[in-house]
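Chemist: Pasting in a structure now, in C-alpha cells, and then I'll have a few things to ask.
The values are calculated or read from the model by the stated rules, or taken from the named source; none is laboratory data. Just so you know, these numbers come straight off a predicted model, no measurement behind them. Every residue, glycine as well, gets a Cβ built from its backbone with ideal geometry; the counts of neighbours run over all protein chains shown. The accessibility values were calculated without ligands, DNA or RNA, using every heavy atom of the protein model including side chains. Shrake-Rupley method; radii C 1.70, N 1.55, O 1.52, S 1.80 Å.
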Amino acid sequence: VVGVSQVGSESVWRTANTASIQRVFTQENGYFLIFDNARQKQENQIKAIRSFIASDVDVISFCPIVETGWDTVLQEAKDAGIPVVLVDRGVTADPSLYVTHIFADALKEGANAFNWVDEYMTAEGKTPRAGGDQFQVAILEGTVGSSVAADRLQGFTDAMAESPNSGKYNVICSQTGEYTRAKGMEVMESFLKSDGDKIDILFSCNGDMALGAIQAIEAAGLKPGEDIVIVSIDAAKGEFNAMIEGKMNCAVEHTPNFGETLMETAKKIVAGEEVPATIELEEGIFPADIAEQE
Ligand code: AHR
C-alpha cells in the first residue's frame, strides 16, 4: 500500500507526472495506491501524509510544494516506522527524516537554459532590440518557495554570471507566473507594458508559462521566437508544437516520468534493500531545429 501526495494539477507536466505514477502502482503490479491531490496547498499535503500514517501504509511518497515546513510530519512518519520517498522537489528538512529523494537537477536545468541562449545569441549574430550592448532578459519564475523554482533561477543567473559574455546580459524583469499558463500570460503582459520594446530573451521556468507568454507576446504585436528568443523548462508537447511553429527556440527537459523509478525504489525499500540517498533522473535539451523530428 503506497500513499502518494501530489502538489496539484497546475501544469501539463504535472498531469503527465501524475499519470506516470498512477500507471505503475496498479493492482496488476501488486500495489494499492492511495493518491491525494493537494490542490497547491501545503496544509493539504500535510493532512494527506497524516492520513497515510494513520492508515499504516507501507511507503509514503510526496512532491513537496515548498521546501520548508516538513520537519514535524516527516518525524511523525519516521516515528511510525513508515519510509518516505521524496519525488521531484526537495525539502530543507534533515535527510535522516526520509529514505531517498528521486529528482531531476533543477540547477543544471537553469544553467542549461542560459548556456543554450548564450550560444544561440552569438551563433545567430543577434543584437539588442533597443540598441546598446546588452540583451534584456525577462524571467517567469515558478511557485514561490519551491525548490525547483529557486534552483532553476539560481542555475540560470549563476551561469549568466560565470559566462565570459556575462556583461552582455541584463535581467530587466523577473516575477513568478506560478507555473500556470494563465498567470504566465498575465505576468508577461505586464512585462510587455513596461519593457515591451526592450525584452530580447524570455526564460520561462516552465512550459505552461511559456505558452501563456507566447499569447501575450503575439497580442502585443511582436513575434515570439524572433523578436523575443524564448527558452523554457519542461519540454512537454505544447512547447514542441510552439517550436515547430517557430514561436519558441528551446525547451530544456524536466522529465515527468518518475513512476517506474519510484516503484522500483518502493519495492526495494519494502524488501529491506539499501537505496541511495538521492536518485537523479537524466534529461535532455531540445532546440527548435530538432523539435519536429523529436
Ligand atoms: O516541480 C516541477 C515543476 O512543477 C514543473 O516543471 C512545472 O511544470 C510544474 O508545475
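Chemist: Among the listed residues Ser147, Ser163, identify the single one that is under 23 Å from Val66 (Cβ atoms) and hydroxyl-bearing (Ser, Thr, Tyr).
Modeler: Ser147
Chemist: Another question about this same structure. Just to be sure, is Pro256 closer than 28 Å to Val1 by Cα and under 13 Å from the mean Cα position of the chain (by Cα)?
Modeler: Yes, satisfied.
Chemist: Restricting to the stretch 206-231, what's the tally of residues that are touching a strand residue (DSSP E or B) at 6+ places or on another chain (Cβ under 8 Å), of a type outside the set (Val, Ile, Thr) and within 16 Å of the ligand (Cβ to nearest atom)?
Modeler: Residues in the stretch 206-231 being touching a strand residue (DSSP E or B) at 6+ places or on another chain (Cβ under 8 Å), of a type outside the set (Val, Ile, Thr) and within 16 Å of the ligand (Cβ to nearest atom): 6 in total.
Chemist: Does any residue of the stretch 175-184 turn out to be under 21 Å from Asn112 (Cα atoms) and part of a strand (DSSP E or B)?
Modeler: Yes: the stretch 175-184 contains one or more residues that are under 21 Å from Asn112 (Cα atoms) and part of a strand (DSSP E or B).
Chemist: Can I ask one more? What helices (runs of 4 or more DSSP H) completely inside the stretch 6-97 contain at least 3 residues that are surrounded by fewer than 22 Cβ atoms within 10 Å (Cβ to Cβ), of a type in the set (A, V, I, L, M) and at pLDDT 95 or above?
Modeler: Filter on the stretch 6-97 gives 12-24, 42-54.
Chemist: Here is a further query. Ser194: away from the ligand (no atom under 15 Å from the Cβ) and out of contact with any helix residue (DSSP H, G or I) (no Cβ under 8 Å at 6 or more places or on another chain), yes or no?
Modeler: Spelling it out, Ser194 is indeed away from the ligand (no atom under 15 Å from the Cβ) and out of contact with any helix residue (DSSP H, G or I) (no Cβ under 8 Å at 6 or more places or on another chain).
Chemist: Okay, moving on. Here is a list of conditions, (1) open to solvent by less than 50 Å² (accessible area, probe 1.4 Å); (2) touching a residue at least 40 places away in the same chain (Cβ under 8 Å), and Lys198 meets all of them except one; can you say which number that is?
Modeler: Looking at each condition in turn, Lys198 falls short on (1).
Chemist: So Thr143 ticks every box in (1) of a type in the set (Val, Ile, Thr); (2) open to solvent by 30 Å² or more (accessible area, probe 1.4 Å); (3) within 16 Å of the ligand (Cβ to nearest atom) but one. Which box is left unticked?
Modeler: Every condition holds for Thr143 apart from (2).
Chemist: Output yes when any residue across the stretch 165-172 is in contact (Cβ under 8 Å) with a residue 60 or more places away in the chain and either touching a Pro at 6+ places or on another chain (Cβ under 9 Å) or under 20 Å from Lys237 (Cβ atoms) (or both), and no when none is.
Modeler: The answer is no; no qualifying residue exists.
Chemist: Now for a different question. Among the residues of the stretch 194-204, is there at least one that is under 15 Å from the mean Cα position of the chain (by Cα) and not in a loop (DSSP other than H, G, I, E, B)?
Modeler: Within the stretch 194-204, one or more residues are under 15 Å from the mean Cα position of the chain (by Cα) and not in a loop (DSSP other than H, G, I, E, B).
Chemist: Let me ask something additional. Could you tell me which residue of the stretch 151-160 is nearest to the ligand (Cβ to nearest atom), considering only residues that are open to solvent by 10 Å² or more (accessible area, probe 1.4 Å) and touching a strand residue (DSSP E or B) at 6+ places or on another chain (Cβ under 9 Å)?
Modeler: Checked the stretch 151-160; the qualifying residue nearest to the ligand (Cβ to nearest atom) is Leu153.
Chemist: Restricting attention to the stretch 118-126, does a residue exist that is buried (at least 23 other Cβ atoms within 10 Å of the Cβ), away from the ligand (no atom under 16 Å from the Cβ) and touching a residue at least 12 places away in the same chain (Cβ under 8 Å)?
Modeler: So far as the stretch 118-126 goes, no, none of its residues is buried (at least 23 other Cβ atoms within 10 Å of the Cβ), away from the ligand (no atom under 16 Å from the Cβ) and touching a residue at least 12 places away in the same chain (Cβ under 8 Å).
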